[in-house]
């Protein structure tokens, strides 16, 4: 079993509405944003496809296979609209 790491996950837009909060502390064995999102989607039924989202780690946009490290801040960003 992989050891768990601690991350701060920030939800925006529709994801924040579906999760019912904007930020949470997460312990997870996942080591990429893609794996972490899949775990959170399964756990909380977020319901958006990964291809429809952008992800940032520590305030920089990254790919879904970017390696995560203990204490990272992950922002999950759905498509935005507005004017």
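Nothing in this text is a laboratory measurement; each read-out follows from the coordinates by a stated rule. Keep in mind that this is a model prediction, so the values were computed, not measured.
For the reader, a short list of remarks on this structure follows.
- With helices as the sole contributors, the chain gives -6500 deg cm²/dmol at 222 nm; each DSSP H run of n ≥ 4 counts as -39500 (n - 2.57), and the sum is divided by every residue.
- Among the listed values (1) 1.02; (2) 1.54; (3) 1.07, the one computed from these coordinates for Cα Rg over 2.2 N^0.38 Å is (1).
- Shape call, region 8-54: gyration tensor on alpha carbons, a/c limit 1.5: oblate
- Between helix 33-44 and the chain there is an angle of about 70 degrees, using the helix long axis and the longest principal axis of the Cα atoms.
- Normalised contact order of the chain, rounded percent, pairs of Cα under 8 Å and 6 or more residues apart: 39
- Of all DSSP-defined beta bridges confined to the chain, some 75% are antiparallel rather than parallel.
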